[in-house]
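**Q** One structure, pasted below without further comment.
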Amino acid sequence: MAVRRRIDADAGRTAVRAWQSGADDRQTLATAVRYLLEQLATDHEGNSVEVRVPPFGATQAIPGPRHTRGTPPNVVETDAATWLALATGALSWEAAVTAARVSASGTRADLTEVLPIRWQ
């Protein structure tokens, strides 16, 4: 199943670059976060892990058993700055988990193998 793009790729890449240059306004963060969540879902299609970045977005990705009801068994949740740093390679998964900047539960919730995201 193909992921439906909601964020224009050019706008998404521009927002990520702006964030990397120090922009931290809400619109830039929202666009960059949503773009990288969509890219994760496109690159690693599946429904076994839910990645949440409140208040900007969430996606399901990673092949495996499909979740259908209630709280997903594999959940990753973090803030926008941490997600952007993880997704772009500015922060490693191990460092984020060690510093408690990300909450990950479930046997498939380790995103080491899928980060950083190819977004350019």
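**Q** With the condition kept exactly as written, say whether any residue in the range 17-40 is in contact (Cβ under 8 Å) with a residue 40 or more places away in the chain and hydroxyl-bearing (Ser, Thr, Tyr).
**A** yes
**Q** Pull out all pairs, ordered by first then second residue, where Cβ-Cβ is under 6 Å, the residues are six or more apart or on different chains, the first lies in the range 84-102 and is assigned to a loop (DSSP other than H, G, I, E, B), and the second is open to solvent by 70 Å² or more (accessible area, probe 1.4 Å).
**A** Filtered contacts from the range 84-102: GLY89/PRO116.
**Q** On to the next question. Search the range 78-114 for residues being of a type in the set (A, V, I, L, M, F, W, C), surrounded by fewer than 18 Cβ atoms within 10 Å (Cβ to Cβ) and under 12 Å from the mean Cα position of the chain (by Cα), and hand back the single one that is farthest from GLN39 (Cα to Cα).
**A** ALA81
**Q** Then there's this: Those residues that are open to solvent by 50 Å² or more (accessible area, probe 1.4 Å) and either outside any helix (DSSP H, G or I) or over 23 Å from ASN74 (Cα atoms) (or both), I need them from the range 20-46; list them, please.
**A** GLN20, SER21, GLY22, ASP24, ASP25, ARG26, GLN27, HIS44, GLU45
**Q** For the range 72-83, name all the residues that are in contact with a strand residue (DSSP E or B) (Cβ under 9 Å, 6 or more places away or on another chain) and either of a type outside the set (Val, Ile, Thr) or more than 16 Å from PRO116 (Cα to Cα) (or both).
**A** PRO72, PRO73, ASN74, VAL75, GLU77, ASP79, ALA80, TRP83
**Q** From (1) free of Cβ contacts under 8 Å to residues at least 40 places away in the same chain; (2) under 12 Å from the mean Cα position of the chain (by Cα); (3) closer than 26 Å to ALA18 by Cα; (4) surrounded by fewer than 21 Cβ atoms within 10 Å (Cβ to Cβ), pick out the condition that doesn't hold for TRP119.
**A** (1)
**Q** Do you know which residues across the range 48-77 are farther than 12 Å from ARG34 by Cα and either open to solvent by less than 50 Å² (accessible area, probe 1.4 Å) or in contact (Cβ under 8 Å) with a residue 60 or more places away in the chain (or both)?
**A** If the condition is that a residue be farther than 12 Å from ARG34 by Cα and either open to solvent by less than 50 Å² (accessible area, probe 1.4 Å) or in contact (Cβ under 8 Å) with a residue 60 or more places away in the chain (or both), then SER48, VAL49, GLU50, ALA61, ILE62, GLY64, HIS67, PRO72, ASN74, VAL75, VAL76 are the ones that fit.
**Q** Here's something else I'd like to know. Report, by residue number, each residue of the range 14-50 that is within 30 Å of ARG66 (Cα to Cα) and among the basic types (Lys, Arg).
**A** The one that is within 30 Å of ARG66 (Cα to Cα) and among the basic types (Lys, Arg): ARG34.
**Q** Same structure, new question: Looking at the range 1-19, which of its residues are part of a helix (DSSP H, G or I) and either open to solvent by 20 Å² or more (accessible area, probe 1.4 Å) or farther than 26 Å from ALA109 by Cα (or both)?
**A** If the condition is that a residue be part of a helix (DSSP H, G or I) and either open to solvent by 20 Å² or more (accessible area, probe 1.4 Å) or farther than 26 Å from ALA109 by Cα (or both), then ALA9, ASP10, ALA11, ARG13, THR14, ALA15, ARG17, ALA18, TRP19 are the ones that fit.
The values are calculated or read from the model by the stated rules, or taken from the named source; none is laboratory data. Not measured: the values here are computed from a predicted model. As a convention, Cβ positions derive from the backbone with ideal geometry for all residues, glycine included, and neighbour counts pool all protein chains shown. Only protein heavy atoms, including side chains, enter the accessible area calculation; ligands, DNA and RNA are left aside. Shrake-Rupley method; radii C 1.70, N 1.55, O 1.52, S 1.80 Å.
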